[in-house]
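The values are calculated or read from the model by the stated rules, or taken from the named source; none is laboratory data. Keep in mind it's a predicted model, so treat the numbers as computed, not measured. All Cβ positions, glycine included, derive from the backbone under ideal geometry; neighbour counts span all protein chains shown.
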């Protein structure tokens, strides 16, 4: 993970974009935490300070920097070093291994969901530095993986001349916590005559990176890449909907794997909606939407924003007749996956959440959409407005009745 | 993706060009590598010179100056257009583009500019006009003693905001509960003056509300003093322009390092944006180069060579003059004259392309520091280039 910190001219443009900096006076911001401190770290002196863990890895600084410095990469490297020098905390171990937590959580979902909401367990979570005042995500027994080999329920209505085939990378959240939304995605792909499979997969590795465990992240990436590369080699495209998993596959796999496989995966991985727009532009599919009369605010996840392309789900949903869409991309929701579950980050997370939700609800929307499960969780902690995956709006506009919804 | 016009650069000139085009139904993309320098500027709009009259100053500019290609009338029109856009968006810019005014800087000196955001409207004080200063405990990037050194009569009250950065304080100001506690604190202070100077931290998103509420609830007049970067008035300016552009349907390609471009004879066909994974492609009928000067990365120089960083257009540089001499930090250094020379239609003279237009501080002979014309140049040449690009594609 290299970044050219010597390009930094200390202009502070990155600082203006940093959510942690604006909410938490303890965090010195990406300029100091990234390129400035890197000069000292290079000497090998133990200069990684504790505040390094206050960065949420939202990547807004990379996006803002006009000089190609990528401060978040420097900070991530320092975060990993901090954990190596100071040892892992229990929450870090827990979240680095979130994949296994999720698998077990879903397997015993009835029990898990009861115990994660029990007072005793909450007290226990608190004692190891986790927040007990926000709901833990519910685990679902019917994960996407469990039924991945079952054939499609929906018949293609607009079979393209030359059908495209895609492998869906769902990630942990859609698999274990929001499998209904996962099934809607599969249904939409099939609706457009796209052949879709759910390959065997584990966590993308981002939670491990974010909790300072590079080796574990590399392990996850290696395992995923073996499976995904097979599909790529046979001409399948990889589709993601979780914008953080997608970012990891595209941006991080080539670097953490350092293999050609990593590059091939990166080059052939697509955002679901970007892919649909591409097929539309190639005239392989057509959008025919039923009107959906609704005011919707769209919270752009930081990791989608960082892709730097016009927001593809927004471009599609805007075309649905009757929809009034308000895009909000200036605020980070503050949750950032496992970051928001940690008690020490509570103030930062809550401050940013309140700011984000205030601007999202300004237009009095009937629904708030966001691609990212973690953003949705956070937003729904601050508002009674329905917070849903964009796929739900798309399903409604396409008239796809999903037997799975609400189940 | 395909557009009518692709604007390269998301600074003042690029954003103004894109807004102008999108308003006329031209499908427009903005391709940029990061956030622009205007987001750390003071947020004030310099137009020309340091005398009272901006148009008179322009008369004395050398013949090659881009303002003469824009024309005075079009300059005034474009600035008025900017003011209209900003007013509609809720960030009014006060002033008459034909006139200059002076505002207070953080070191207590006065600086000449033309238009100011409404938060600095009251900054123009006559000499001897007294004001009170409100500052913040441990604030970085703002030092009231510079001001009291020059204005010994000014009293300073210091509020503890619980945070010490301009971005942190401005974020807190946007919170209603915090604002109420701040207003209540002000009411408890003994303030003898009617005017209050405050570092530029009056909120990032709710500035109008905050400013008006402070004035209403305390009965005083407030004016912001720009701080060292990060600069909140610059951030407001950039975010507002970008929001306006998005509202008019401009598509943004950000974090976009242009690695290559396609051409056919005298036409540029499209841009290749280097990204991890697949590159993005932006095709267009016409292109506007608004990547800025050296500091913004539109131009690059080492000791021997000047270059333009996207299309490698030959850069006009004052030949034969010693560039790295002891006068390097003096105004009017020849390096300020360097840039891209354009014809009357803002097409680069030294390039082969007929569908490329250039705008903003990348233009040769602009010497924005010397002539005090930074944002005015950006706005007026941005709109001018957009007009010619629109004419070209029609």
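Does the stretch A:1-26 hold any residues that are without any contact (Cβ under 8 Å) to a residue 40 or more places away in the chain and either part of a loop (DSSP other than H, G, I, E, B) or on the phi > 0 side of the Ramachandran plot (or both), and which are they?
Passing the criteria: A:10, A:12, A:25, A:26.
Just one of A:131, A:138, A:60 is touching a helix residue (DSSP H, G or I) at 6+ places or on another chain (Cβ under 7 Å), within 14 Å of another protein chain (Cβ to nearest Cβ) and farther than 21 Å from residue A:41 by Cβ; which is it?
After applying the criteria, what remains is A:60.
Of the residues in the stretch A:310-341, how many are within 25 Å of residue A:131 (Cβ to Cβ) and within 14 Å of another protein chain (Cβ to nearest Cβ)?
4
Can you find a residue in the stretch A:252-270 that is away from chain B (no Cβ under 12 Å), surrounded by 21 or more Cβ atoms within 10 Å (Cβ to Cβ), touching a strand residue (DSSP E or B) at 6+ places or on another chain (Cβ under 9 Å) and modelled with pLDDT of 95 or more?
No, because not a single residue in the stretch A:252-270 is away from chain B (no Cβ under 12 Å), surrounded by 21 or more Cβ atoms within 10 Å (Cβ to Cβ), touching a strand residue (DSSP E or B) at 6+ places or on another chain (Cβ under 9 Å) and modelled with pLDDT of 95 or more.
Tell me whether the stretch B:46-64 contains one or more residues that are at pLDDT 95 or above and closer than 25 Å to residue B:243 by Cβ.
yes
Mind listing whichever residues of the stretch B:144-168 are surrounded by 17 or more Cβ atoms within 10 Å (Cβ to Cβ) and within 10 Å of chain A (Cβ to nearest Cβ)?
Of everything in the stretch B:144-168, those that are surrounded by 17 or more Cβ atoms within 10 Å (Cβ to Cβ) and within 10 Å of chain A (Cβ to nearest Cβ) turn out to be B:161, B:163, B:165, B:166, B:167, B:168.
Condition check: surrounded by 15 or more Cβ atoms within 10 Å (Cβ to Cβ), over 21 Å from the mean Cα position of the chain (by Cα), in contact (Cβ under 8 Å) with a residue 24 or more places away in the chain and not in a loop (DSSP other than H, G, I, E, B). Does residue A:52 satisfy that?
Spelling it out, residue A:52 is indeed surrounded by 15 or more Cβ atoms within 10 Å (Cβ to Cβ), over 21 Å from the mean Cα position of the chain (by Cα), in contact (Cβ under 8 Å) with a residue 24 or more places away in the chain and not in a loop (DSSP other than H, G, I, E, B).
Quick one: which strands (runs of 3 or more DSSP E) lie wholly within the stretch B:283-394 and hold at least 3 residues that are touching a strand residue (DSSP E or B) at 6+ places or on another chain (Cβ under 8 Å) and under 23 Å from residue B:17 (Cα atoms)?
B:356-358
Which numbered condition in (1) in contact with a strand residue (DSSP E or B) (Cβ under 6 Å, 6 or more places away or on another chain); (2) modelled with pLDDT under 95 is the only one that residue B:127 fails?
(1)
What number of residues in the stretch B:35-75 are in contact with a strand residue (DSSP E or B) (Cβ under 6 Å, 6 or more places away or on another chain) and within 14 Å of chain A (Cβ to nearest Cβ)?
Qualifying residue count, the stretch B:35-75: 1.
Looking for whichever is assigned to a loop (DSSP other than H, G, I, E, B), at pLDDT 95 or above and more than 11 Å from chain A (Cβ to nearest Cβ) here; the options are B:237, B:214, B:241, B:202. Which one fits?
B:202
For the stretch B:180-197, which residues satisfy the criterion of being touching a strand residue (DSSP E or B) at 6+ places or on another chain (Cβ under 9 Å), part of a helix (DSSP H, G or I) and surrounded by 15 or more Cβ atoms within 10 Å (Cβ to Cβ)?
The answer is B:182, B:186.
Looking only at the stretch A:300-312, decide whether some residue is in contact with a strand residue (DSSP E or B) (Cβ under 9 Å, 6 or more places away or on another chain), assigned to a helix (DSSP H, G or I) and surrounded by 18 or more Cβ atoms within 10 Å (Cβ to Cβ).
So far as the stretch A:300-312 goes, yes, one or more of its residues are in contact with a strand residue (DSSP E or B) (Cβ under 9 Å, 6 or more places away or on another chain), assigned to a helix (DSSP H, G or I) and surrounded by 18 or more Cβ atoms within 10 Å (Cβ to Cβ).
Kindly indicate whether any position in the stretch A:286-296 is within 14 Å of chain B (Cβ to nearest Cβ) and not in a helix (DSSP H, G or I).
There is no residue in the stretch A:286-296 that is within 14 Å of chain B (Cβ to nearest Cβ) and not in a helix (DSSP H, G or I).
Identify the residue in the stretch B:249-296 that is loosely packed, with under 14 Cβ neighbours inside 10 Å and touching a residue at least 60 places away in the same chain (Cβ under 8 Å) and, among all such residues, is nearest to the chain's Cα centre (by Cα).
Applying the filter and picking the extreme gives B:295.
Could you please find all residues in the stretch A:348-363 being out of contact with any helix residue (DSSP H, G or I) (no Cβ under 7 Å at 6 or more places or on another chain) and either more than 14 Å from chain B (Cβ to nearest Cβ) or surrounded by fewer than 21 Cβ atoms within 10 Å (Cβ to Cβ) (or both)?
A:350, A:354, A:358, A:359, A:361, A:362, A:363 - these are the residues of the stretch A:348-363 that are out of contact with any helix residue (DSSP H, G or I) (no Cβ under 7 Å at 6 or more places or on another chain) and either more than 14 Å from chain B (Cβ to nearest Cβ) or surrounded by fewer than 21 Cβ atoms within 10 Å (Cβ to Cβ) (or both).
Looking only at the stretch A:113-139, which residues are within 23 Å of the chain's Cα centre (by Cα) and farther than 19 Å from residue A:349 by Cα?
Hits for the stretch A:113-139 are A:113, A:116, A:138, A:139.
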